[in-house]
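Here's the structure, in structure tokens; my notes come after.
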Amino acid sequence: MNKMNLTIKLNLIFLVVFLISIKAIAQRDTINTDKLIIVKQYSPTVNDAFKIKQKPSEKDSIKQVRRELSYSFIDVPVASTFTPAKGTASGVRMSPPDKLFENYSRFGVGNFSTILADFYSNFDINRDRNLDIAFNHLSSQGGIDGVVLDDDFSNTNVRLDLTSQDRYFDWNAGFDINRREVNYYGLGSEQVDALTQDQLNAIDSKQTYTKLEAFGGIRFTDLVLKEAELTVYNFTDNFSSSEQVLTIQPVVEIPLRTQKLSIKGDFKFLNGSFEENLIGEESLDYRQFQAEINPFMKFNIQNVNLKLGAKAVYFSDFENSENKVFFYPDIKAEFNLNQESINVFLGANGGLEQNTFENLSQQNPFLSPTQFIRPSNNQYNAYAGFTTKLLENLSLSSQVNYSSTNNFAFFIANPEIDYAIEQSKRGFDYQNSFGVVYNDLKTFGISADLAYQIDSDFNVGFFGKYSDFSTGDEQPAWNLPEIELRAYADFEFTKNWNFSAALFYIGERTDAQGKISINSNSIPISGGQINTTEVDGYLDLNASLEYKINPRLAVFVNGNNLLNKSYNRWQNFEVQGIQVLGGLTYQFNW
């Protein structure tokens, strides 16, 4: 009890002391309170502001780098009570796409007793295999004004191709048969005047080319050997000439770290013989082999595409016991400028071109079966050019090139062969056939192609080419034109009507004329001087008009040489006048 009273007394004493201390501190506060009366509100002006007239110097040598701020939006769905009114979408009527057919046939007839027939069909044997069949025929019974020999011709081709798509590779195999008939009808006025009607009737001017070809190929998906093609053909004519060619072309791709090395091969064996000779009775035999290896790599560096490669060719001539090795460049660079609207390219290439009787007769069907066959060495062809869009629908492409070729194959008119025994004269001995001569050739060429597409259904274009030729011994560049011009147009003015036309000009060419006399022992006893002659340039207009009756059936009319010019494609070989051919086209599915 005493202890409790003592505690209460101490607490009272502590409370009295604390109150006395607070009162003493409050008495020592010296801040007086005053009353502030605002007479007028302060309205500052611009003149009251103090303007710094000098840029203050920066003494801080440490500059902080701004940090990039990265941010993104977070889509948060917000509930909405808005309910849009339901509407009906307007329909868009689109024209159905044109139906595609797997089979095609065309037949037409025209003046000069011309017959045209084309047929193509695709048969699906099963899901992985299909067979393509193609047939093409064009013939005319002739009838050119002023021509005294037969001038009919025909060209017939049949092709079968079987293709198969397997799991790890694709392959194809087939054969091709081609038969062409022409006549050596190009007699000059001097030859016609010198021959009687009986002698003209005795001339057999017919020449027939027959080609039997078998081909095949295979393409792998996951092997280093990507593909390989094999072709073999036999080529014959009316004069017991024969030629056989075997070609093998493999392609190998070797993967590297970031690129791949491609290697193309071309192995070709050529064997042939001519029973006839231009002068004499000895046959002309040839056997040649060439092996070409072409390694190259392609690079894509930003807007630049590069191809770096080279070619090595081994050539062997068995008849002449000759072996050679050739090397050629194979480089190309493409630059895409101005957002790919301008494409600039340059490069250089070359190669050994194997001339054959078959491909020479394709270029000039009036070739005599008395040729020396040898390859042409295209040492180099350096070129540069560009393609660009001048306007949205106007494009221009141009190219310049300079090339050098050894043993370039020129076509030149054969001289007239005058035998002592008239019966020995053949159908191509009247200066009405052509031979091949080989000479070195350097060519500088420039070309340009201007195309204008007015809309998706109408486009026109112009092409021009100029070439400057220089031969090794200052001989003319036989039958090569310096100027080539072409204008073309294509107009689909309705869905069912289509019109196309082409106008082209070929400049003057230089050819030869001559005569050689042969005695009864087939020995030349006199040789007239070979004279040069100019073959005039020519202008030709071709056109075609087609009307689609329905998606399957259409009618067409083709017109050739519509200017009715009597020009010579080769010396003394006048072409047919205006030619009109019409017919039907039918597409279908089995």
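The values are calculated or read from the model by the stated rules, or taken from the named source; none is laboratory data. These figures come from a predicted structure and were not determined experimentally. Note that we place each Cβ from the backbone using ideal geometry, even for glycine, and neighbour counts take in every protein chain shown. The protein model used for the area step is the full one, side chains on, heavy atoms only, and it has no ligands, DNA or RNA in it. Shrake-Rupley method; radii C 1.70, N 1.55, O 1.52, S 1.80 Å.
Structure summary
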read-out: Highest to lowest packing among 134-140, 368-374, scored as the average C-beta count within 10 Å; value: 368-374, 134-140
read-out: Share of carbon and sulfur in the accessible heavy-atom surface of segment 352-483 [1.4 Å probe, %]; value: 52
read-out: Size-normalised alpha-carbon gyration radius of segment 91-236, reference 2.2 N^0.38 Å; value: 1.60
read-out: Mean-position separation - Cα centroids, segment 326-370 and segment 195-252, in angstrom; value: 21
read-out: Modelled FRET efficiency - R0 22 Å, residue 318 with residue 230, Cβ distances, 0.05 increments; value: 0.55
read-out: Peptides 533-541, 346-354, 174-182 ordered by average Cβ neighbours within 10 Å, highest first; value: 346-354, 174-182, 533-541
read-out: Debye intensity ratio in log₁₀ form over the Cα atoms of segment 228-353, taken at each q of 0.11, 0.22 Å⁻¹; value: -0.59, -1.25
read-out: J(HN,Hα) series, segment 281-292, from Karplus relation 6.51 cos²θ - 1.76 cosθ + 1.60, nearest Hz, glycine and proline x; value: 10, 6, 7, 10, 10, 8, 9, 9, 9, 9, 10, 10
read-out: Length gained when the stretch residue 543-residue 327 is fully extended (0.36 nm per residue, less Cα-Cα span); value: 73.3 nm
read-out: By average C-beta atoms within 10 angstrom, highest first, the peptides 426-439, 382-395; value: 426-439, 382-395
read-out: At most 16 other Cβ within 10 Å, DSSP loop - trypsin sites (Lys or Arg not before Pro), segment 436-498; value: 495
read-out: Probe 1.4 Å, all protein chains present, accessible-area order of 491, 556, largest first; value: 491, 556
read-out: Extended-chain gain in nm, criterion 0.36 nm per residue less alpha-carbon gap, residue 251 and residue 120; value: 44.2 nm
read-out: Globularity ratio of segment 392-589, using Cα Rg and 2.2 N^0.38 Å; value: 1.40
read-out: Lysine pair number, Cα distance threshold 30 Å (strictly under), segment 392-589, separation 8 or more or different chains; value: 6
read-out: FRET efficiency for residue 508 and residue 127, using Cβ-Cβ distance with R0 set to 56 Å, rounded to 0.05; value: 0.45
read-out: Cα-based convex hull volume of segment 168-266 per residue, rounded to whole Å³; value: 130
read-out: Rounded FRET efficiency, nearest 0.05, which uses the C-beta distance separating residue 148 from residue 578 and R0 of 22 Å; value: 0.55
read-out: Between segment 547-590 and segment 460-519, the Cα center-to-center distance that results, in Å; value: 20
read-out: Net charge of Cβ neighbours under 10 Å - reference residue 141; Lys, Arg +1; Asp, Glu -1; value: -3
